[in-house]
Amino acid sequence: MYYVYIVECSDGTYYTGYTNNIEARIKKHNQGKGARYTRGRGPVILQYSESFSSRSRAMKREYEIKQLSRKEKKVLLKG
């Protein structure tokens, strides 16, 4: 399984990514070893995730979410 996720950083910004192990990825972000964007913005809190059976579909969805405005992402987070 692959996951697309949105975390909220300590400064209130959002980061979207994909992974095949969401728990390990969040842990890396919080250790300062994750994406460059989240370094120095931790701790991060998982706000949203979706699962996919293929890496390619997860990457496409990640791209779609990254194109959303902050307002649109907030709507997505609320469900």
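Coordinate-derived values only; no laboratory data. Note that the structure is predicted; figures quoted are calculated from it, not measured. Neighbour counts are summed over all protein chains in view; Cβ atoms, including those assigned to glycine, are modelled from backbone coordinates with ideal geometry.
General observations
- Around S51: net Lys/Arg minus Asp/Glu count, Cβ-Cβ under 11 Å: +1
- Summarising the label geometry, the points placed 7 Å from Cα in the beta-carbon direction at K78 and S51 lie 2.7 nm from one another.
- For a straight C-alpha distance cut-off of 16 angstrom, no lysines are reachable from K71 once same-chain residues fewer than eight places away are disregarded.
- Springs join every pair of Cα atoms under 10 Å in this Gaussian network model of the chain, and among E23, E62, E50 the largest mean-square fluctuation is at E23.
- Net charge of the neighbourhood of K28, taken over other residues with C-beta under 13 Å away and scored Lys/Arg +1, Asp/Glu -1, is +4.
- Segment N21-K60, length gained on full extension (0.36 nm per residue, minus Cα span): 12.3 nm
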